[in-house]
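**Student:** The structure that follows is given in the form of structure tokens.
The values are calculated or read from the model by the stated rules, or taken from the named source; none is laboratory data. What you see is a predicted model; the values in this text were computed from it and never measured. With ideal geometry, Cβ positions are generated from the backbone for all residues, glycine too; neighbour counts draw on all protein chains shown. When the accessible area is computed, the model is the full protein with side chains, heavy atoms only, and any ligands, DNA or RNA have been set aside. Shrake-Rupley method; radii C 1.70, N 1.55, O 1.52, S 1.80 Å.
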Amino acid sequence: MNRRTSWVVAAALGFAITSVQAQAPATQKATFAGGCFWCVEADFDKVPGVLSTTSGYIGGSVASPTYEQVSGKATGHAEAVEIVFDPAKVSYERLLQVYWRSIDPTTPDRQFCDVGSPYRTAIFTHGAQQAQEARRSLEALERTKPFREPIVTQIVPATTFYPAESYHQDYAKKNPVRYRYYRTSCGRDARLEALWGKPAP
């Protein structure tokens, strides 16, 4: 192989590698509904590999809904959190494990003290791979769950996600006292411990 041919081969290989790297997503999205989005956001902010969390609304029929519209139960939206994560640091499977143990998957249209369709639990999947992993995770949980009640959490394709108002974003960080009072008085952690047992230290 002469010098010119070697250069052409090396250039072609470099282009191919660059193309593969360009196609591989550096980040991915996951979207989960688990009742009050303040709590879901705070739970996932603790997970290494999660780059950002955004509270918002998904699964409804009205464009750009407001909190008042969604909480009025007229738009069909669920409170949810859109998560941007680094798949090299945390897998979607791991996020699903965190999700299950942060919700009560046995109550339709309710999470703890919050009642109504905006507080339903749902996994909104981005693509076929996430849908397959979510269904596989649900099937595994059905076999191993430490409670008798059936699981009612939905697995559905993600639709348009609308970020919530700015005062809802990072609520636990901005208002730690009010957030802790709400979470405790709503009975979230007490119910989670009754369902799943005490969290690992």
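**Student:** Kindly report, to the nearest 10 Å², the accessible surface of LYS46 as traced by a 1.4 Å probe over protein heavy atoms only.
**Tutor:** Rounded to the nearest 10, that gives 150 Å².
**Student:** How do GLU68, GLU165 rank by accessible surface area computed with a 1.4 Å probe, from largest to smallest?
**Tutor:** Numbers: GLU68 120, GLU165 50 Å².
Of GLU68, GLU165, the descending order of accessible area is GLU68, GLU165.
**Student:** Further question on the same structure: Under 14 Å from the Cβ of GLY59, count the other residues' Cβ atoms, weight Lys and Arg +1, Asp and Glu -1, and hand me the total.
**Tutor:** Details: positive: LYS73, ARG120; negative: GLU79, GLU82, ASP109.
Net local charge, GLY59 excluded: -1.
**Student:** Moving to a separate point now. Residue separation times 0.36 nm, minus the C-alpha to C-alpha distance between LYS174 and ARG101: what's the value?
**Tutor:** 23.8 nm
**Student:** So what is the calculated 222 nm ellipticity per residue for the chain, using -39500 (n - 2.57) for each DSSP H run with n of 4 or more, over all residues, to the nearest 500 deg cm²/dmol?
**Tutor:** Working: 8 runs with 84 residues, N = 201.
Roughly -12500 deg cm²/dmol at 222 nm, from the helical runs in the chain.
**Student:** Mind running the shape call on the stretch 105-199? Use the C-alpha gyration tensor, a ≥ b ≥ c as the square roots of the eigenvalues: rounded below 1.5 for a/c, prolate if a/b tops b/c, oblate otherwise. Don't skip to the answer; put the middle values down first.
**Tutor:** Numbers: a/c = 2.08, a/b = 1.20, b/c = 1.73.
Cα axes put the stretch 105-199 in the oblate bin.
**Student:** Loop-only check: which trypsin sites (Lys or Arg not before Pro) in the stretch 70-107 are DSSP coil with at most 13 other Cβ within 10 angstrom?
**Tutor:** Numbers: sites: LYS73, LYS89, ARG94, ARG101; in loops: LYS73, LYS89, ARG101.
Within the stretch 70-107, the qualifying trypsin sites (Lys or Arg not before Pro) (loop, at most 13 other Cβ atoms within 10 Å) are LYS89.
**Student:** Something else now. Within the stretch 121-153, find all residues whose amide N lies under 18 Å from a label point positioned 7 Å from the Cα of VAL47 along Cα-to-beta-carbon.
**Tutor:** The answer is 121-142, 153, whose backbone nitrogens lie closer than 18 Å to the label point.
**Student:** By accessible area of protein heavy atoms, probe 1.4 Å, what ranking do GLU93, GLU79 get, highest first?
**Tutor:** Values: GLU93 110, GLU79 5 Å².
Output order, biggest surface exposure first: GLU93, GLU79.
**Student:** I need the helices of the chain that pass two filters: whole DSSP H segments spanning 20 Å or more by Cα along the axis, and mean Kyte-Doolittle score no lower than -1.0.
**Tutor:** Details: long enough: 3-23 (30 Å, 0.59); 128-144 (24 Å, -1.25).
Span-like helices in the chain: 3-23.
**Student:** Taking only pairs that are 8 or more places apart or on different chains, how many Lys pairs in the chain have Cα atoms under 28 angstrom apart?
**Tutor:** Value for the chain: 20.
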